[in-house]
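What follows is a set of notes on a single structure, which appears directly below.
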Amino acid sequence: MKRTPEPELMETMEQAEAYDQADFSEAHGKRVDLFRERYGRELAGAVLDIGCGSGDILERFAKKFPKASFIGVDGSEPMLELSRRRMAKAGLSKRMNFVRAFIPSDDVPKQDYSVIMSHSLLHHLHEPSVLWNTVKQLAGKNTFIFVADLRRPISEKDVARIVEERSGEEPEVLKQDFYNSLCAAFTAEEIEAQLKQAGLKLKIEEVGDIHVLVYGAL
Ligand SMILES: C[S@@+](CC[C@H](N)C(=O)[O-])C[C@H]1O[C@@H](n2cnc3c(N)ncnc32)[C@H](O)[C@@H]1O
């Protein structure tokens with residue numbers, strides 16, 4: 001099936017709060033393990049999260065990796081506000097810095113990153129090259145890249161089935177959001193073409209039935 005893009009930013013507080021209240025514990029909990037297995041060493045230093053949203057994944061990383069510090073970047077101020085509140089509540093604010101930037105942007109802090117990661121941002125982008133070019137500009141030769149996202153199913157029938165199976169009990173607004181996200185996601189083949197065009201030699205791995213990981217060093 002053809003890709004149907006969705007709006008890039010989650011701009012209103014209402015939208016940000018609805019996203020924040022969704023239960024991503026299974027997928028986001030697994031994400032840290034998937035990262036740890038592929039990174040394969042102790043994580044210290046600075047981690048950049050592009051499109052950090054309301055910070056659920058950042059909080060999980062910060063709790064698992066106490067020697068790392070984190071910069072979360074998002075184009076949506078309500079999302080960043082929710083992230084700041086979350087970190088204050090969890091006692092993690094000291095190791096967190098949040099910056100508003102709508103990529104491509106010069107406002108994303110430049111420094112020596114141990115890891116540049118991004119979760120569920122790629123499928124929001126109308127022009128996916130903005131993520132890969134940002135990664136290319138900011139990564140040093142020891143920076144580990146870790147990008148995770150949904151991948152687009154073959155048919156709308158599959159999308160409807162996946163939404164029912166995985167979020168049948170969720171409020172209608174979240175089910176619709178999940179449906180739209182699956183329709184906006186890229187396939188592994190499309191991501192491979194994007195990486196080739198950007199000149200990035202990273203690994204692509206399909207994980208489970210709906211996710212894809214892109215990772216490695218440049
Ligand atoms: C689906 S949310 C994912 C949030 C978080 N990474 C997670 O996995 O829970 C996508 C986020 O990307 C942000 N976003 C979309 N396009 C962006 C852009 N061009 N630059 C920066 N942030 C963007 C949205 O505002 C939203 O917070």
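Return the percentage of antiparallel bridges among DSSP beta bridges fully within the chain, rounded to the nearest 5 %. List each step's numbers first, then the result.
Working: 12 of 33 bridges.
Here the antiparallel bridges make up roughly 35 percent for the chain.
Please check which bits of the range 1-27 a label hung off E206 would reach, taking the label as a point 7 Å along Cα-to-C-beta and the cut-off as backbone N under 14 Å. Residues 1 fall inside that zone. P(r) for the range 88-142, from all Cα pairs and a bin width of 5 Å, is 4, 15, 24, 25, 18, 10, 5, 0 %, short bins first. Taking the fewest neighbouring Cβ atoms within 10 Å as the starting point, the ordered list for D158, D56 is D158, D56. Inter-label distance, R85 to E26: 2.7 nm, where each label sits 7 Å from its Cα along the C-beta direction.
With kT/(6 pi eta Rh) evaluated at 25 °C and eta = 0.890 mPa s, and Rh the Kirkwood radius from Cα pairs, the chain diffuses with a coefficient of 140 µm²/s according to Stokes-Einstein.
Run the numbers for E172 and A193: contour at 0.36 nm per residue of separation, minus the present Cα-Cα distance, in nm.
Values: separation 21, 0.36 × 21 = 7.56 nm, distance 3.42 nm.
Extra length available between E172 and A193 comes to 4.1 nm.
Ignoring solvent entirely, what values of log10 I(q)/I(0) come out of the Debye formula for the range 135-218 at 0.15 Å⁻¹ when each Cα is a single scatterer? Ignoring solvent entirely, the Cα scatterers give -0.62.
Considering helices alone, the calculated mean residue ellipticity of the chain at 222 nm is -13000 deg cm²/dmol, with DSSP H runs of length four and up weighted by -39500 (n - 2.57) and normalised per residue. Take the Cβ atoms of N142 and E11, set R0 to 41 Å, and the FRET efficiency comes out at 0.70. Pairs over the 25 Å Cα-Cα cut-off, from the set K89/K175; K67/K141; K2/K110; K136/K203: K89/K175; K2/K110. The alpha carbon centroids of the range 119-157 and the range 1-78 are separated by 13 Å.
Since every read-out is calculated from the coordinates, none of them should be taken as a lab result. Bear in mind that the values here come from a model prediction, so they are computed numbers and not experimental data. Here the Cβ is made from the backbone with ideal geometry for all residues, glycine too, and neighbour counts use every protein chain on show.
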